[in-house]
Every structure is written in C-alpha cells, then in structure tokens.
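Worksheet: one structure, shown below.
The values are calculated or read from the model by the stated rules, or taken from the named source; none is laboratory data. What you see is a predicted model; the values in this text were computed from it and never measured. Glycine gets a Cβ as well: all are built from the backbone with ideal geometry, and neighbour counts include every protein chain shown.
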Amino acid sequence: MKNIVLVGMMGAGKTTVGELLATKLNRELKDIDCVIEQEQKKSIIEIFTDDGEEAFRKLESETIEKFSNMSDLIISTGGGALEKANNLSNLQKNGIIIYLKADIEELFKRVKNETQRPLLKEQDPLEVIKKLIKKRKKFYLMADITIITDNKSPEKITEEIIKAIKNYE
C-alpha cells in the first residue's frame with residue numbers, strides 16, 4: 001500500500017493526526033523530525049544551532065528518501081520538507097500527499113508558546129509564519145489532497161483523510 005504523507009506548516013496537526021492515522025489504519029508512523037532527533041541524539045533546535053539549517057535539511061532529505069522507498073507507512077514531514085524538489089519527488093513515488101491546511105492566525109495560536117521551533121526564534125513569530133506560508137504555499141498545493149484543519153478536532157481530520165484516500169488506493 002502507498003504511504004500516507006502529511007505535509008503542512010508547523011502547527012497544522014501533522015504529528016497528532018499522524019499518530020491517530022497510524023492507530024486507526026494499523027500502520028507505522030514515521031515522524032521525520034522525531035526520527036532525525038533519535039538518530040542524531042539531538043533536538044531539531046540543537047541541530048539548527050550547532051550545525052545550521054542546511055545540515056538539518058540534508059538529514060531531512062536522507063530520511064525522507066529512506067522512508068519513501070518503503071510502503072504502508074504514515075510519514076509526517078517537517079514544515080519545510082517540500083522546499084527541496086527531491087523530497088517532493090521521493091514522497092510522490094510511493095505516497096499519497098495530504099496537505100493539512102490551517103489559517104495563519106490558527107497556526108500562530110497553536111505554536112506561539114512552543115519553545116522547540118527553531119524558525120520561530122524571532123522578534124515577530126507571526127510575521128515569520130506569514131513569510132514561510134508565502135514561500136511554501138506553491139509546494140503544499142502540489143499535494144494530492146488538501147484538508148482544512150481549522151476548527152476541527154484531530155479525530156475529525158483523521159476521518160476526512162481516511163475517506164479521501166479511499167479514492168487513491
């Protein structure tokens with residue numbers, strides 16, 4: 001079976017929904033950021049601080065490539081994963097890509113108090129989110145399916161995904 005790949009901005013619900021999907025569909029969840037943290041024995045923020053964003057993106061691409069060659073997984077990507085063309089093509093090879101889309105204010109509300117988001121370590125995190133969405137939107141729109149997550153529970157989002165993927169398998 002094809003992988004189910006969750007993409008979208010930080011705070012869109014990829015990890016939470018990924019966990020629910022994995023349970024409901026009896027599949028293994030591969031959260032790219034978590035896998036990198038486990039393999040590197042460092043947090044994402046430490047990797048950004050110690051090694052830089054480019055080093056992180058390289059690890060991210062290698063991890064995505066590895067899991068894209070497997071099947072029957074739920075893959076939750078980092079928010080910027082699709083910015084690299086090879087990541088998108090790898091994920092498309094054997095995956096149904098699902099964009100979890102949330103309104104800017106909703107995303108900000110969900111992530112504003114989190115301390116482990118390296119790209120939000122700025123004076124104006126809301127402005128950072130706006131810039132990132134503008135930069136990444138064209139990549140997210142290449143997804144097979146878009147699910148609006150605003151004002152929906154993770155359970156409701158999971159149900160919508162399960163219904164939507166029936167047409168792809």
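When region 1-44 is filtered for residues that are within 21 Å of Leu59 (Cα to Cα) and aliphatic (A, V, I, L, M), the ones remaining, listed by number, are Ile4, Val5, Leu6, Val7, Met9, Met10, Leu29, Ile32, Val35, Ile36, Ile44.
One residue stands out in region 139-169 among those that are among the aliphatic types (A, V, I, L, M) and outside any helix (DSSP H, G or I): the one that is nearest to Lys109 (Cα to Cα), namely Ile148. Annotation: Leu25 fulfils all but one of (1) of a type in the set (A, V, I, L, M); (2) farther than 25 Å from Lys137 by Cα; (3) touching a Ser or Thr at 6+ places or on another chain (Cβ under 7 Å); the unmet one is (3).
Residue-by-condition table, conditions (1) at pLDDT below 95; (2) among the small types (Gly, Ala, Ser); (3) touching a helix residue (DSSP H, G or I) at 6+ places or on another chain (Cβ under 9 Å):
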position	(1), (2), (3)
Thr49	yes, no, yes
Gly52	yes, yes, no
Ile64	no, no, yes
Leu73	no, no, yes
Ser76	no, yes, yes
Leu100	no, no, yes
Thr115	yes, no, yes
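Is it the case, given these coordinates, that Asp72 is of a type in the set (Asp, Glu) and in contact (Cβ under 8 Å) with a residue 60 or more places away in the chain?
yes
Which residue, of Lys30, Lys93, is more than 14 Å from the chain's Cα centre (by Cα) and of a type in the set (D, E, K, R)?
That would be Lys93, the only listed residue that is more than 14 Å from the chain's Cα centre (by Cα) and of a type in the set (D, E, K, R).
The combined condition, being over 17 Å from Thr146 (Cα atoms) and touching a helix residue (DSSP H, G or I) at 6+ places or on another chain (Cβ under 6 Å), is not fulfilled by Glu19.
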